[in-house]
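Quick notes on the structure that follows.
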Amino acid sequence: MKATAEDNEGGIDLAVRIGGLELKNPVIAASGTFGFGREHAGYIDLNRLGGISVKGLTLKPRAGNGPPRIAETPAGMLNSVGLENPGVEAFIENEIKFLRRYHTAIIVNTAGSTVEEYCEMARILSGADIDAIELNVSCPNVKEGCAAFGSSASGIYKVTSEVRKYCGKPLIVKLTPNVSSIAEIAAAAEEAGADALSLINTLLGMVIDIETRKPVLANNTGGLSGPAVRPVAVRMVYEAAQAVNIPVIGMGGISDGGDAVEFLLAGAAAVMVGTANLIYPDACINVLEGIEKYMRTHNIKNVSEITGKVEMNG
C-alpha cells in the first residue's frame with residue numbers, strides 16, 4: 001500500500017514512511033481498540049486512515065480472561081481482556097479480504113508465549129496480503145518464569161532477532177513501559193533488526209473495590225490506558241527516539257490533534273489512537289483533522305517537519 005498525491009489536501013503532505021511501510025498519513029488505529037476494522041466501518045471512512053493495527057493475534061484461537069475484565073479509572077481505563085482472538089489462520093481467511101477494500105495499511109499485531117510462537121506467526125503472515133507486523137513483546141514468556149519478553153534488553157533482543165529471520169514484512173516492535181530504561185530497550189530492539197518501534201503499551205495497574213476488598217478485575221491487574229498515561233508516554237517516546245535511528249510510532253492517551261502533535265514533536269514519525277476509539281468512533285478522523293489544522297495554522301507543508309522538533313529547556 002503506497003501513499004498517493006490524491007491523499008494530500010490543500011498542499012499539505014501527510015505521507016510518512018515507517019521503515020519499509022508507506023502511509024498516506026500518520027494516523028493509525030491502535031491494536032485492541034479497533035477490532036479488525038469492521039466494527040468501525042459503519043461510523044467512519046476507513047480509507048481516511050493511514051493504517052489499522054488489528055486486534056492482537058495469537059497462533060491459535062484464544063478465549064481471553066474471564067469477566068470482569070474492564071474497569072473505568074479517572075481519565076482512563078484498565079483492561080485485562082487477555083488477547084481474546086480467533087487465531088492467525090482465521091484472521092487471514094476471514095478478515096484480510098474485507099480490509100483490502102480500503103486504501104489503508106494493514107498492520108498485524110502478534111502475541112506469543114514462546115519465541116517459537118512469534119516466529120511461526122511471522123512466517124505465516126509473511127506470506128499473507130498484509131503490510132507490516134507489530135510484535136507485542138509485553139506478553140509473558142512461559143519458558144522464562146512468565147516475565148514479559150520486553151521487560152529486559154536481552155529478552156527483547158532475543159525475540160526480535162529470532163522473529164527477524166522469519167519476517168518478510170516491515171517489523172514494528174511494540175514496547176512495554178513497565179521497564180526501568182526505555183532507551184535501553186529501544187536500542188536493543190533496533191540492534192536486533194526492528195524496522196520501527198511503537199510505544200507505549202499499557203501501564204500495569206490495579207483497582208480495588210473497597211466494599212468487597214477485592215480487585216475489580218477478575219485477573220486482579222490490568223493495563224492502564226487513556227489520557228492518564230499520556231505524559232508518561234510522551235516522555236518515553238522522546239527517550240526512545242533519542243536512542244534509536246529507526247522510526248518511532250507514538251501512542252498513549254491520544255484524544256485529539258493536539259495530543260498527536262505533542263507526540264510528533266517528541267520524536268514520533270506517526271501515532272496510534274487507542275482508547276479514544278472506544279469513546280468516540282470517529283476519534284482517528286478527529287486526530288487527523290487536528291493535525292491538518294495545526295499544520296495549516298503554522299504553515300507546515302510536510303508532516304515530517306514536525307517530528308522531533310521539540311525545543312527542550314536548558
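What to note about this one:
- Glu211 satisfies every condition listed in (1) part of a helix (DSSP H, G or I); (2) open to solvent by 40 Å² or more (accessible area, probe 1.4 Å) except (1).
- Residues in the stretch 83-108 that are touching a residue at least 60 places away in the same chain (Cβ under 8 Å) and of a type in the set (S, T, N, Q): 1 in all.
- Each residue in the stretch 195-222 was checked for being among the charged types (D, E, K, R) and in contact (Cβ under 8 Å) with a residue 40 or more places away in the chain, and 1 pass.
- Scanning the stretch 109-123 for residues that are in contact (Cβ under 8 Å) with a residue 60 or more places away in the chain and either closer than 15 Å to Lys60 by Cβ or surrounded by 24 or more Cβ atoms within 10 Å (Cβ to Cβ) (or both) yields Glu120, Met121.
- Residue that is farthest from the chain's Cα centre (by Cα) [pool: residues in the stretch 236-264 that are under 14 Å from Lys309 (Cα atoms) and open to solvent by 10 Å² or more (accessible area, probe 1.4 Å)]: Gln242
- Entry remark, the stretch 166-202: residues being open to solvent by less than 20 Å² (accessible area, probe 1.4 Å) and hydroxyl-bearing (Ser, Thr, Tyr) number 2 in total.
Conditions (1) in contact with a Leu (Cβ under 6 Å, 6 or more places away or on another chain); (2) surrounded by 15 or more Cβ atoms within 10 Å (Cβ to Cβ), marked per residue:
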| residue | (1), (2) |
| --- | --- |
| Phe34 | no, yes |
| Lys55 | no, yes |
| Pro67 | no, no |
| Ile70 | no, no |
| Asn79 | no, yes |
| Gly82 | no, yes |
| Val88 | yes, yes |
| Phe91 | yes, yes |
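- Taking (1) open to solvent by 20 Å² or more (accessible area, probe 1.4 Å); (2) more than 27 Å from Gly193 (Cβ to Cβ) in turn, Met295 satisfies each apart from (1).
The values are calculated or read from the model by the stated rules, or taken from the named source; none is laboratory data. Because the structure is a prediction, the values reported are computed rather than measured. Methodologically, a virtual Cβ is constructed for each residue, glycine included, from the backbone with ideal geometry; neighbour enumeration extends over all protein chains shown. Accessible surface areas use protein heavy atoms only, side chains included; no ligands, DNA or RNA. Shrake-Rupley method; radii C 1.70, N 1.55, O 1.52, S 1.80 Å.
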